[in-house]
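Data first, discussion second: the structure below is written as structure tokens.
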Amino acid sequence: DAGITQSPRYKITETGRQVTLMCHQTWSHSYMFWYRQDLGHGLRLIYYSAAADITDKGEVPDGYVVSRSKTENFPLTLESATRSQTSVYFCASRLAVTYNEQFFGPGTRLTVL
Amino acid sequence: GDSVTQMEGPVTLSEEAFLTINCTYTATGYPSLFWYVQYPGEGLQLLLKATKADDKGSNKGFEATYRKETTSFHLEKGSVQVSDSAVYFCALSDGDSGAGSYQLTFGKGTKLSVIP
């Protein structure tokens, strides 16, 4: 199906474990983004990517790593999960700089015990 | 830096009531403005947008007008339905801020509940 998908939709892990959240889009959008959503904070940008092999930090990058070897995939890795990383994570994509609407995936709810 | 302030929720309305959710912003450049909606258990969907002053975005009975003089983009709907129950986010994209043009800055969200 066309669109933007995230997996898993739900994940429970323990403190200190490595976790990777997957994001896949079928539109060939250049730009991709990772946000986290927390009560009282709205959505905050973690990392973004302007194209394959080009990534940059957002507002809250600490504790996260991203890669983008292919245009359609943008995985987010928590190298050593902490409880403060319990959140809902959203991936988004956008066509180009002049098209500033972003399209969001359904989200991954991550719980770190 | 850029920021978006929207009214705190939750907001509870009866069906067919008038809705206003206030949103104001600060930006270094000339931003585009958006309202996104998040239904329970889902991701965000674009509801409407406006890219320049005095533009009115509209969709599904919702409207918002880009007011540069008051730096506002208030969301309105004349008659809400139970199906409008969701969280609404105001956001801006500041095209003149270099790297910031790649991202959206969101308000904290306003939860709307519409009761029959």
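Computed from the coordinates by the stated procedures, all read-outs in this text should not be read as laboratory data. Computed from a predicted model, the values in this text were never measured in an experiment. Glycine gets a Cβ as well: all are built from the backbone with ideal geometry, and neighbour counts include every protein chain shown.
General remarks:
- When you restrict to C-alpha pairs under 8 Å that are six or more residues apart and normalise by the size of chain B, the relative contact order lands at 36 percent.
- Which listed pairs, of A:70/B:52; A:11/A:70; A:70/B:108, have C-alpha distances above 27 Å, in listed order: A:70/B:52; A:70/B:108
- Sorted by Cβ neighbour density within 10 Å, fewest at the top, the residues B:56, B:111: B:56, B:111
- For segment A:32-113, averaging the sequence separation of C-alpha pairs within contact (under 8 Å, six or more residues apart) and dividing by the residue count gives a relative contact order of 26 percent.
- Counting only aspartates and glutamates at least 8 places from residue B:111 when in the same chain, those with an alpha carbon closer than 20 Å to its own are A:38, B:8, B:15, B:16, B:42, B:63, B:76, B:84.
- Shielding by partners - mean other protein chain Cβ count within 10 Å, residues of B:46-53: 1
- Once the mean of 1/r is taken over each pair of separate Cα atoms and inverted, chain A shows a Kirkwood hydrodynamic radius of 13.9 Å.
- Panel order for B:69, B:16, A:101, by other beta carbons found within 10 Å of each beta carbon, from fewest to most: B:69, B:16, A:101.
- Hull volume per residue, based on the alpha-carbon atoms of chain B and their convex hull, is 91 Å³.
- For the protein assembly as shown, the normalised intensity computed at q = 0.12, 0.14, 0.15 Å⁻¹ comes to -0.65, -0.88, -1.00 (log10 of I(q)/I(0), Debye sum over alpha carbons, equal scatterers, no solvent).
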